[in-house]
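Chemist: Take this structure first; my questions come after.
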Amino acid sequence: MIKKLLIISISLILFGCGSSNGKQKSKEILGKNIKISEIKPESIIRLNISSGVTEPLNEVKVVTKTGGTVKRINFKNGDKVKKGQIILVLEDQEVQSAYLKAQATYISNKADFEIKKKNYEKFKQLYEKQLISEEEYLVKKTNFLQGESALKNSEATYLAAKKDYEDLVVKSKLDGVITDLNLKLYEKITPNSDLVTVVDDSKMLVKTGVSVHEISELSVGNKAEIDLEGIENNYFGNVYEINPVANKDNKKYQIKVEIENPEGKIKKGMYSKVLVETGSKRGYLVPKNTIVIKELYSYIFIVENGEAKRIKVERGYSNNEKQEIISDELYSNMKLVTEGQFLLEDRDKVNILN
């Protein structure tokens, strides 16, 4: 009886060990643990990444032609100004005298011309009726032409002097912000000096460049994202202008990206990184960490019939954390290995984990 019990116990132990080994072998047959995701062809937006510096879409620098003495300053740097508002006033006696003299000469010549014109028209009629000689008629005609020439010359001088005089009162030519105003009251300003710059900062531009391969796919209106130094949130804009001629130094085609700046946070001269859409295509994008590099070639692993299949791929467009892959073996809804790929060999059995 005891012998029978011992035999049964030993048999149970052996059977138990055999079951454990069987489970282990069964588990090994399931293969290497991996995770997968299905990928499909999608629209790939190509981005050009470059850098640039911000500048206003519109700005006006005021330069004094005549110079003068600063009589009044109504604004300071950073102030908002409306179109037509007086920013500052200069005073110059020589400019004022030249204007008044030119004005008087013009008025005098205009009155003289009117008299000569009437005489000429009257003598012309008499000459046509043969009531006066040709000599008398030509005298009046010559006087008329000389008076006309003198009037035009004096008018040109007057208009130039008038502009110089009016420019002593510096008015803003647009709505914007005062910048580069570095004057003091009663300061003597020399001719051709910079006085002030008015910047319309409601819209800003960033100049950057694209390559010859991207220029054909680029159009005015293409979207762009702008990462500005010193500003936390990115801004979005559009391609405003494309120069069709490449820069002779870097062979890039300059483009300008327009950015709305309603709050005025973007300032002139800010460094920025610019991401410009340069077209789109259909293709396959995969996370960059799913690509395996072996012997300088790029591969991905997919799952077919419970096995890992290695596919050699070419790298296409890079989009942040994703990479375009190119191969004739790719197809829609393929099961891409996203975890465990670096431990796989071609045709390994795999166990897909949730």
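The values are calculated or read from the model by the stated rules, or taken from the named source; none is laboratory data. Keep in mind the model is a prediction, meaning the values are calculated, not measured. Note that each Cβ is placed from the backbone with ideal geometry, even for glycine, and that neighbours are counted across all protein chains shown. SASA here: full protein model, heavy atoms, side chains in, ligands and nucleic acids out. Shrake-Rupley method; radii C 1.70, N 1.55, O 1.52, S 1.80 Å.
Chemist: With springs only between Cα atoms under 10 Å apart, run a GNM on the chain and tell me which of Glu59, Glu128, Glu114 wobbles the most.
Modeler: Glu128
Chemist: Let me know the shape class of the chain, please: from the alpha-carbon gyration tensor, a ≥ b ≥ c as square roots of the eigenvalues, rounded when a/c is under 1.5, otherwise prolate if a/b is greater than b/c, or oblate.
Modeler: Note, shape of the chain comes out prolate.
Chemist: Measure off 7 Å from each Cα along the Cα-to-Cβ vector at Glu187 and Leu174, then give the distance between these two points in nanometres to one decimal.
Modeler: 2.4
Chemist: Round to the nearest 10 and give me the degree value, 0 to 90, for the angle of helix 2-29's Cα axis relative to the longest principal axis of the chain.
Modeler: Here the helix axis deviates by roughly 20 degrees.
Chemist: Under a GNM of the chain (C-alpha, springs under 10 Å), which listed residue has the highest mean-square fluctuation: Gly316, Gly52, Gly279?
Modeler: For the chain, modelled as a Gaussian network with Cα springs under 10 Å, the answer is Gly316.
Chemist: For the chain, give the magnitude of the charge dipole about the Cα centre (Cβ charges: +1 Lys/Arg, -1 Asp/Glu; no others), in debye to the nearest 20. Present the calculation step by step, with values, prior to reporting the outcome.
Modeler: Details: 57 positive and 51 negative charges, 198 e Å.
Around 940 debye, computed over the chain.
Chemist: Taking the Cβ of Arg46 as the centre, find all other residues whose Cβ is under 10 Å away and add up their charges (Lys, Arg: +1; Asp, Glu: -1).
Modeler: -3
Chemist: Return the whole-Å distance between the Cα centroid of the range 222-275 and the Cα centroid of the range 122-143.
Modeler: The range 222-275 and the range 122-143 have Cα centres separated by 70 Å.
Chemist: Mind scanning Lys82/Lys162; Lys171/Lys268; Lys61/Lys188; Lys163/Lys207; Lys82/Lys252; Lys61/Lys203 and naming the pairs with a C-alpha gap bigger than 28 Å? Don't skip to the answer; put the middle values down first.
Modeler: On the way: Lys82/Lys162 24 Å; Lys171/Lys268 22 Å; Lys61/Lys188 19 Å; Lys163/Lys207 35 Å; Lys82/Lys252 38 Å; Lys61/Lys203 17 Å.
The answer is Lys163/Lys207; Lys82/Lys252.
Chemist: Report the calculated FRET efficiency for Lys117 and Leu138 (r = Cβ-Cβ distance, R0 = 25 Å), to the nearest 0.05.
Modeler: It comes out at approximately 0.95.
Chemist: More than 20 angstrom separation, counting every C-alpha pair in the range 193-303; what % is that?
Modeler: When every Cα pair of the range 193-303 is considered, 57 percent fall beyond 20 Å.
Chemist: If you count only protein heavy atoms and use a 1.4 Å probe, how large is the accessible surface of Ser332, to the nearest 10 Å²?
Modeler: About 60 Å², ignoring ligands and nucleic acids.
Chemist: Could you work out the helix-only [θ] at 222 nm for the chain, with each DSSP H run of four or more residues adding -39,500 (n - 2.57) and the total divided by the number of residues, to the nearest 500 deg cm²/dmol?
Modeler: -10000 deg cm²/dmol
Chemist: Quick check on the range 272-350: take the gyration tensor over C-alpha atoms, sort the square-rooted eigenvalues as a ≥ b ≥ c, and tell me if it's rounded (a/c under 1.5), prolate or oblate. Could the numbers behind the result be given before it?
Modeler: Numbers: a/c = 2.43, a/b = 1.93, b/c = 1.26.
It comes out prolate by the Cα gyration axes.
Chemist: Quick one: helix 134-166 against the long Cα principal axis of the chain, what's the angle to the nearest 10°, folded into 0 to 90?
Modeler: 50
Chemist: Exactly which chymotrypsin sites (Phe, Trp or Tyr not before Pro) in the range 166-252 are in a DSSP loop and have at most 11 other Cβ atoms within 10 Å?
Modeler: Passing both the DSSP loop test and the Cβ count: Tyr186.
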